[in-house]
Amino acid sequence: MVTDTMSSIFLYMILFLPLTGWLLASLLRRTTHRIVIWITCATVLGSFITSLIISPKLLDGMVCNAKLINWLSLPGYRFSLGLMADKLTLLMMVMITGVGFLVHMYSIGYMADDREKNRYFSYLNLFIFFMLFLVMSDSLIGTFIGWEGVGLCSYLLIGFWNTSPANIAAASKAFIMNRIGDIGFMVAMGVLLAAISTLNYSEIIAHLPDLLTQPTILFVVTLGLIIAVAGKSAQFPLYTWLPDAMAGPTPVSALIHAATMVTAGIYLVSRLSVLFYAAPYSAINLLWMGIATAFIGGVAAVVQFDLKKIFAYSTVSQLGLMVIALGLGQVKFALFHMLMHAFFKALLFLGSGNIIHALHGEQDIRNMGGLAKSLPFTATAMGIGALAMMGLPPLSGFYSKDAILEVATHHAGISYLLIILSCLTVFYLSRTLYFVFLGTPRMSTVTPHEGTLSMQIPIAILGFLAVVGGWITHNLFLAPGIEISHLQLVITSLVIIGVIAPMGFAWAKRQLHDHENSPRVWSFFEILYDTFAVKPYLYLSRMLSIHFERQVAAAFNGFAQIASVASWGIVRLQTGSIGSVVLFMVVAIALILLTVLGKFI
Amino acid sequence: MISSTHILILSSILFSIGLIGVIIRRNAIVALMCVELMLNAGLLGIIGSSLTTRDPSAQILVLFIMLIAAAEVAVGLAIIVMAFQHLRDTDLDNYSSMKW
Amino acid sequence: MIFLGLSAITILSAVIMVLSRRPIYSIISLIVCLYGLGGIYLLTQSQFLAIVHMIVYAGAIMVLFLFVIMLMNLDFPESLIRHKGIRLGAILTSGVIATIIISRIDRFAPSDAVRQSLTVKAIGKLMFTQYIAVFELSTIVFLSATIGVILVAGSRPVTPR
């Protein structure tokens, strides 16, 4: 623990520069856009540079601390907010501010025609502040404040175009789903407080021996945190908000709903990983949650036609993969994949932003096609991003995904699941690429054109990182003790890409033909793939939908029936009249008074 | 001579009357007035409790609460006026468009 | 004795406020009620508070209510109440709360002790030394309330979409 002044000043700078940017941007909301844009971009860049300056220190294994305030002092408990930075924090800080800056820069071009740019940029800065606070806090309570703050900013930015009811509904959905997770977080904090009366990370970890004697408490705490993770990181039962969250502007989707906020759950588990691995059942819960999420996301991405929703589901799937890595006990691999994912998914999102911008808001991939000719830069960038995500060696996704795959080989069934998952990834990505970039143009609008320079530079940087990021950083994450049998994995991924990608193309082509009802021209390979891959797949999905989905739907309907019958009495109480609402509140207060003041008369 | 017990009893009676008013009245302005009455009952309670010690801090506290209450009334009335302009109605039960 | 009379006035006017159908009567009776409260403050020898209460609360704030009602023409009689059950419930719960508090009143009001008059000077001294920060902060609250009111009430009415 080091609290030298220099590093605490750096920490303050990293945290508070974006806040300053937000304050200034909000105060200067009525001024010209240029000033606000400069301020917000400059503060985030400053934050990024500061975290780079402090990085050598942290990489050496030092832990920097900085005091903020004593928030609340109660007998027995003291809630103080402070900052702490170690390697994990550094990774998050660099990722948040780096991707954040690129997205700011991209937004200059993307939002050029929007009248409320100032509001947009101030929200972005506020988001970065809360996200930094989330990762830099030295206690769960500070993380929780950041956790709520990023939820708020996510809500504000999803509903940024607040004239459409659908956007507002999506924003509310995201907010409410996140609140469900937050309940888990609060329960975990409460139980921890009751058990060891501190929420400070280092003190929690110091209290681990005490906690180990009370496995039930440990289980409840980690379960609560897992629910929180499921909410924020869009895991299995609570993932549904993320696809809807695509109602926001595309750069926001890239920053919040792909690269940073949704990784808060991964951060939380990594920060308290000792707790999770000590608690009974927690690791296995994480593992199964991740598997369910990864598969639902992967399968859903295959059938989507909305460009952004495809990437949203693919984000869900990749987050599931990170949680799988966490469940397997590989925190470093999860973080590695998180960083790589931030690169290539931000790249893919910004690329799709380019397309949507060029097509004036068109998001349906059935109305695209042939864009490789008119948008060569975007096509190259997104091709790189997709290849990186598929795990083509030696692009970034290869290192991280295959590290996870390598660990999974020690757990028999899981490695097969992961290979199927990679096939799914390759399949939907190639299908999407075919729809968007190949074939004949199906747009109704005028000729698309590439975005401005400020939109292309971030894409170029992210593209560069997606190519070499894994190669540069893999030494940081993959400890020399862990051997990765490269050759085998290289062959596996090459085979997967080589076989599955044409299938994706073929399926896309088939869907297009169905879509256009034009006569089909089949080549030999297409027929081959059609018979051996596409038709079985369609058959399988139809079977699943008939036999499986109906059962599931019936089961869920049953639950709904039970719930609605059970809630009938409660619903009758909910008259919507303010008087009755106040009356219930007052009745509750009377009951509390009765208990607090002891015996009646 | 009055004792703090008397004042506290008066305070709780006033509070209950205000509470009944908030629940049963539908007019937004009257409901706000009832809230004011409840607030005043609370202030009276503070004064009543401080009678024994004569701590001047209690009076200062009451003064500050009055200040805040004044601000609150101003904002509340502005909102009611605005809502009235929207809906041509002061019935609280009809202010339901914010309900989800 | 004075106390009992003042209490009776206060409670009676409070009841009238709740029960009268026209808002204007409610306001007038609330003003009476608040003046009664001011009298009780005088009885407890909190002179400064009593004066402030009468001028600011019973005077300014209530006049604000009156103005709003008269300028906006809001004074139309209202059928008193909705559901019978709610009315009954309201009276019952409020009664229960009052009974609870009154029955345990000794918890809140310890036995009486010394009583000296608190001068305006003492209060002023305290307010501008120990509580100066709070005092300044409350001005900021006022400022933001002013801005809020201007924002809310000053904007043109929008037709509901």
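Where a number appears in this text, it was derived from the coordinates with a stated rule and is not lab data. In this text the structure is predicted, and so the values were computed from the model without any measurement. For neighbour counting, all protein chains shown are included, and Cβ atoms are generated from backbone atoms with ideal geometry for every residue, glycine included.
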The stretch A:333-518: C-alpha gyration tensor shape, a/c 1.5 cut-off, then a/b vs b/c:
oblate
Using only Cα atoms, tell me the angle between helix A:117-136 and the longest principal axis of chain A; keep it within 0 to 90° and round to the nearest 10.
60 degrees
The stretch A:140-280: C-alpha gyration tensor shape, a/c 1.5 cut-off, then a/b vs b/c:
prolate
Measure out, as a whole number of angstrom, how far apart the alpha-carbon centroids of the stretch A:377-433 and the stretch A:1-51 sit.
36 Å
Using alpha-carbon coordinates, inclination of helix B:4-24 to the longest axis of chain B, degrees
10 degrees
The exposure ranking of A:16, A:130, fewest beta-carbon neighbours within 10 Å first, is A:16, A:130
Distance in nm between label sites at residue A:491 and residue A:152, each 7 Å beyond Cα in the beta-carbon direction?
5.6 nm
Obtain the nm distance between the two label points defined at residue C:25 and residue A:29 by a simple spin-label model: each point lies 7 Å from its Cα along the Cα-to-C-beta direction.
4.5 nm
Those trypsin sites (Lys or Arg not before Pro) in the stretch A:53-119 that DSSP places in a loop and that have at most 16 other beta carbons within 10 Å
A:115
How crowded by other chains is B:75-83, given as the mean number of beta carbons from other chains within 10 Å of each beta carbon?
6
Return A:585, A:368, C:62 ranked ascending by Cβ neighbour count within 10 Å, so the fewest neighbours appear first.
A:585, C:62, A:368
With labels modelled as points extended 7 Å from the Cα through the Cβ direction, what inter-label distance (nm, one decimal) is found for residue A:112 paired with residue B:53?
6.7 nm
So how do C:33-45, C:17-29 stack up, highest first, on mean other-Cβ count within 10 Å?
C:33-45, C:17-29
Taking the 0 to 90 degree range and rounding to the nearest ten, how far is the long axis of helix A:453-477 tilted relative to the main principal axis of chain A, both from C-alpha atoms?
70 degrees
Taking each residue in C:120-133, count the Cβ atoms of any other chain within 10 Å of its Cβ, then average. What number comes out?
2
Strictly over 20 Å apart at the Cα level, which of A:173/A:308; A:87/A:232; A:309/A:373; A:373/A:509; A:173/A:309 would you flag in this model?
A:87/A:232; A:309/A:373
Does the protein assembly as shown come out rounded, prolate or oblate by the C-alpha gyration tensor, with a ≥ b ≥ c the root eigenvalues, rounded set by a/c under 1.5 and, if not, prolate when a/b is larger than b/c and oblate if not?
prolate
Among the trypsin sites (Lys or Arg not before Pro) within chain B, which fall in a DSSP loop and have no more than 10 other Cβ atoms within 10 Å of their own Cβ?
B:88, B:99
